[in-house]
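What follows is a set of notes on a single structure, which appears directly below.
The values are calculated or read from the model by the stated rules, or taken from the named source; none is laboratory data. These numbers come from a predicted model, not from an experiment. Note that we place each Cβ from the backbone using ideal geometry, even for glycine, and neighbour counts take in every protein chain shown.
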Amino acid sequence: MDSPASPKKLLLITDRAVDSSGAADGNSAAEIPELIACLRAMQDITVLPVEYATTTGEPLVFYSNHTERDLDPREIGMILIDLLEDQAAEEALRLLGRILQSDAFANTPVLVIGEASNMETVDDVFEAGAADFVSRGPALTLELPPRIRVALRRSAEWYRLKRKTGELQRMTEDLKTANIIFRSISIHDELTGVANRRFFDRYLDTVWRQSMRAAQSVSLIMIDIDYFKIYNDTYGHQAGDECLREVAQAMEKALSEHGCILARYGGEEFGAILPALDSEQARQCATRLQQVVYDLNVQHEGSPEYKRVTISQGIATAIPGLLMRPSKLIAKADRALYQAKAAGRNQAVA
């Protein structure tokens with residue numbers, strides 16, 4: 001979890017042993033109580049003075065009064081590095097790098113106190129990712145509070161922006177999800193789960209234009225469940241709905257092997273769009289559909305001859321041209337379907 005927008009605690013990292021009162025041992029020990037007093041005088045700032053244990057291990061280890069300190073990174077609003085030991089600049093850079101590379105403190109602003117006599121060192125500190133560099137000297141306690149306030153404001157703004165960005169990202173994802181759901185609803189038949197009439201019309205138009213450019217044939221099969229009104233009257237509408245689902249799913253599975261699309265055209269009628277298939281290939285698809293539905297063996301006492309659910313099909317094939325529209329292909333397939341039904345049903349006519 002990221003740090004809150006309003007920082008709670010400032011972590012003061014030093015190379016001198018510091019107790020809870022701010023007293024310190026070692027070189028320039030008098031500077032530490034004065035520094036801590038300056039920080040503690042700032043409103044809304046709680047100072048945690050700790051001693052940095054120079055180690056390359058993970059996680060970072062801090063000590064207070066020679067006792068290992070358990071820190072909650074979420075409570076740390078800022079880190080202040082103040083090292084005085086030999087090669088302090090190099091050690092501060094190593095520490096700064098380790099802090100900003102850790103997941104816990106990666107976004108926590110870090111201020112470094114050091115000697116400004118070497119501008120290369122100052123440049124290195126900023127390049128390493130420090131939010132600010134403050135020179136050690138008589139004016140330190142005067143310069144430090146405003147520098148801290150500026151860094152905290154920037155940090156708070158960063159977290160506010162991050163929250164807003166996160167909210168926008170979540171909103172965008174929600175909209176994407178809603179759009180996917182809407183598109184799924186808008187192109188699928190709610191009852192059977194196959195494509196709906198709206199998608200049928202759009203897809204046929206797309207296939208038609210593509211086939212016109214490629215000079216390829218388009219085939220269409222119009223399908224009707226035989227004696228379906230009698231089925232509904234005999235078994236009830238719930239059974240009729242289940243029959244529609246079962247037949248539609250079986251046909252869709254059979255057609256998917258050929259890269260074709262099945263859609264519910266209306267009521268108990270379906271349409272199968274067969275891109276780039278000629279009349280013979282379309283007839284083979286129809287034969288496959290006929291057998292798949294027959295093999296479902298859905299009981300239908302109202303079917304005079306077969307006593308099971310069957311389908312009738314009308315097949316039409318065309319090579320799209322400027323003088324022919326998709327509606328003519330549909331009309332041709334409908335006429336063939338009427339012939340199949342008139343001839344006794346459970347068959348396909350081209």
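Tally time: how many residues in the stretch 250-268 are touching a Lys or Arg at 6+ places or on another chain (Cβ under 9 Å), of a type in the set (D, E, K, R) and at pLDDT 90 or above?
The total comes to 2.
Could you please find all residues in the stretch 286-319 being closer than 27 Å to R209 by Cα and in a loop (DSSP other than H, G, I, E, B)?
Correct list: I319 only.
Conditions tested, residue by residue: (1) hydrophobic (A, V, I, L, M, F, W, C); (2) out of contact with any Ser or Thr (no Cβ under 7 Å at 6 or more places or on another chain); (3) crowded, with 20+ Cβ neighbours inside 10 Å.
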position: R288; (1), (2), (3): no, yes, no
position: Q291; (1), (2), (3): no, yes, no
position: H300; (1), (2), (3): no, yes, yes
position: K307; (1), (2), (3): no, yes, no
position: T310; (1), (2), (3): no, no, yes
position: K328; (1), (2), (3): no, yes, no
position: D334; (1), (2), (3): no, yes, no
position: A340; (1), (2), (3): yes, no, yes
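Show the residue pairs meeting these rules: Cβ distance below 9 Å; 6+ apart or different chains; first residue within the stretch 292-305 and on the phi > 0 side of the Ramachandran plot; second residue at pLDDT 95 or above.
Filtered contacts from the stretch 292-305: N297/R308; N297/V309.
Could you look through the stretch 76-108, keep only residues that are under 21 Å from E157 (Cα atoms) and touching a Pro at 6+ places or on another chain (Cβ under 9 Å), and pick out the one that is surrounded by the fewest Cβ atoms within 10 Å (Cβ to Cβ)?
Among those that are under 21 Å from E157 (Cα atoms) and touching a Pro at 6+ places or on another chain (Cβ under 9 Å), it is D103.
Buried (at least 23 other Cβ atoms within 10 Å of the Cβ) and at pLDDT 95 or above: does that describe V247?
Considered against the rule, which asks whether it is buried (at least 23 other Cβ atoms within 10 Å of the Cβ) and at pLDDT 95 or above, V247 comes out as yes.
Condition check: at pLDDT below 75 and outside any loop (DSSP other than H, G, I, E, B). Does P59 satisfy that?
Answer is no for this residue.
I'm trying to understand the selection: among the residues of the stretch 182-227, which are free of Cβ contacts under 8 Å to residues at least 60 places away in the same chain and either closer than 23 Å to R345 by Cβ or among the β-branched types (V, I, T) (or both)?
The answer is I185, I187, T206.
Return the pair list, or none, for Cβ contacts closer than 9 Å from residues in the stretch 120-136 that are part of a strand (DSSP E or B) to residues that are polar (S, T, N, Q), at least 6 apart or on different chains.
F133/T121; S135/S117
Mind checking whether some residue in the stretch 264-275 is part of a helix (DSSP H, G or I) and buried (at least 20 other Cβ atoms within 10 Å of the Cβ)?
Within the stretch 264-275 (the criterion being part of a helix (DSSP H, G or I) and buried (at least 20 other Cβ atoms within 10 Å of the Cβ)), the answer is no, since none of the residues qualifies.
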